[in-house]
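One structure is given below, encoded as structure tokens.
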Amino acid sequence: MSALASNRKTDIGPPHYEQFLPPIIKKNYGKWKYHENPRPGVLVHVAESGDKLYTVRAATPRLASTKTIRLFADLADEFCGGHLRYTSRNNVEFLLTDETKIDALIEKLAAAGYPVGGTGASITNIVHTQGWIHCHSAASDASGVVKAVMDELYPHFVNMDLPAKVRIAFACCLNMCGAVHCSDIAILAVHRRAPKIDHQAMARVCEIPTTVSSCPTGAIRPATVDGHQSVEVIEEQCMFCANCYTVCPAMTLNDAEYDGISIWVGGKVSQARSEPKFSKLAIPYIPNNPPRWPEVVEAIKNIVEVYAANARKYERMGEWIDRIGWPRFFEVADIEFTKYHIDDFTHAGETFRRSVHFPRIG
Ligand code: SF4
Ligand code: SF4
């Protein structure tokens, strides 16, 4: 590479993460012996050198204001030499080298309204997508539903009182920016009817070829309607993904009456004990009921309670369901099995390769 190219400054891609590592992590990189979870929300990692790194994990509101970010930054300056990190489920983690500062940090977080927890056999913060606050495709709100659910599940965030960790995720449409396909409990907002086409506006605000080619299932084709150049949708082929609405505002998918929420269970990313699992459909549809979505909250609470009462220690949600069988799960959770469950249980999900494990040969 020429000197010119190697010295080039560019804004493409993030800077190398190494420059942001706290000194203790840089020093012991790749040389950690073990970690423990002495109390809810606190982890200690011990290095081969004997160095100890303490982590304090706090819930965040996910959509963080500048005020919140400034507060976290000030706490990181005061307690952690300016270092903190975010987990993939939007917990904020403060990384300390001085054990004696942990209580003071937790007190300050609590006083500001940020509970500490979410480690070990607990429910950690819920990762979610943009919802009504930003995304045009959202079939439900994201932060509103998650707030309502977590207000109810809060005791399981601050206590490690479940058989194993429970990861909950929320996505506000089936494009699933929120990785709901592999969480113990997944809350997935769904559209349930094909886009409504405004044929008069079509030629004015949309490009017909772009609109036709935006559909992943090939459900859109050009059509002339009432003398207007427009499109038609083959409804049986539509999977309600809103891709067409992204490129063509004349194809509205949002619908106050038909949009709602589905619940999926039993997924996990972890390779521990059993291979990773996809979440499977448990409840196909619950109507949107803002601002507190009581039916969704009740459904999630019920699944968590049934799991807590019946699973063995260390058993994740999907492992428990696999042991007792799906028919029994529907029975103990008092969830109706409907025709909408059938595809999900018989098609490709089980045949995808999900694990880095290889069977022993010979
Ligand atoms: S999940 Fe769908 S609606 Fe939600 S942010 Fe992603 S694309 Fe938008
Ligand atoms: S919502 Fe998705 S599947 Fe349906 S017509 Fe639009 S792009 Fe195609």
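The values are calculated or read from the model by the stated rules, or taken from the named source; none is laboratory data. Predicted model only: the values in this text are computed from it and were never measured. Here the Cβ positions follow ideal geometry from the backbone for every residue, glycine too, while neighbour counts run over all protein chains shown. For the accessible areas, the whole protein counts, side chains as well, though only heavy atoms, and no ligand, DNA or RNA atoms are used. Shrake-Rupley method; radii C 1.70, N 1.55, O 1.52, S 1.80 Å.
Please compute the contact order of segment 210-327 in relative form: average sequence separation of alpha-carbon pairs under 8 Å and at least six residues apart, divided by the residue count, as a percent.
On the way: 124 pairs, mean separation 20.2, N = 118.
Once normalised by length, the contact order is 17 percent.
Quarter the surface of the alpha carbon convex hull of segment 162-273 and you get the mean projected area, 8.8 square nanometres.
The Cβ shell under 12 Å around A148 holds other residues with a net charge of -2, Lys and Arg each +1, Asp and Glu each -1. Among 138-150, 190-202, sorting by the average number of other beta carbon atoms lying within 10 angstrom of each residue, highest first, gives 138-150, 190-202. 3J(HN,Hα) couplings calculated from phi for segment 229-240 with the Karplus curve 6.51 cos²θ - 1.76 cosθ + 1.60 (θ = phi - 60°) are, in sequence order, 5, 8, 9, 10, 10, 7, 4, 5, 8, 7, 10, 6 Hz; Gly and Pro show x. Relative to one another, the C-alpha centroids of segment 214-279 and segment 76-92 are positioned 37 Å apart. Contact order for the chain, expressed relative to its length and based on alpha carbon pairs under 8 Å spaced 6+ residues apart, stands at 12 percent. Taking Cα atoms only, the orientation of helix 66-79 departs from the longest principal axis of the chain by about 20 degrees.
Listed values for segment 289-306 are Karplus-derived 3J(HN,Hα) couplings in whole Hz (6.51 cos²θ - 1.76 cosθ + 1.60, θ = phi - 60°), namely 9, x, x, 10, 6, x, 5, 5, 4, 5, 5, 5, 4, 4, 5, 4, 5, 5, and x replaces Gly and Pro. Solvent exposure of the chain, expressed per residue, is 54 Å² of accessible area, with all protein chains present and a 1.4 angstrom probe. Ordered by solvent-accessible area of protein heavy atoms (1.4 Å probe), largest first, the residues D259, D103, D98 come out as D103, D98, D259. When the listed pairs K147/K339; K196/K268; K67/K101; K26/K101; K268/K301 are checked against a 28 Å cut-off, the alpha-carbon distance exceeds it for K147/K339; K196/K268. Couplings 3J(HN,Hα) of segment 103-115, computed from phi: 4, 5, 5, 4, 4, 5, 5, 4, 4, 8, x, 10, x Hz, in residue order, whole Hz [Karplus 6.51 cos²θ - 1.76 cosθ + 1.60, θ = phi - 60°; x for Gly and Pro]. Take the Cα of W32, step 7 Å toward its Cβ, do the same at S88, and the gap between the two points is 1.5 nm. Working note: 222 nm ellipticity from helices only, DSSP H runs with n ≥ 4, each -39,500 (n - 2.57), summed and divided by the residues of the chain, gives -8000 deg cm²/dmol to the nearest 500.
When the Cα gyration tensor is reduced to axis lengths a ≥ b ≥ c, the ratio a/c is 1.5 or higher for segment 15-73, and with a/b not above b/c it is classed as oblate.
Quick one: with all protein chains in place, what share of the accessible area of the chain is carbon or sulfur, to the nearest percent (1.4 Å probe)?
On the way: 10560 of 19530 Å².
Reported share for carbon and sulfur atoms: 54 percent.
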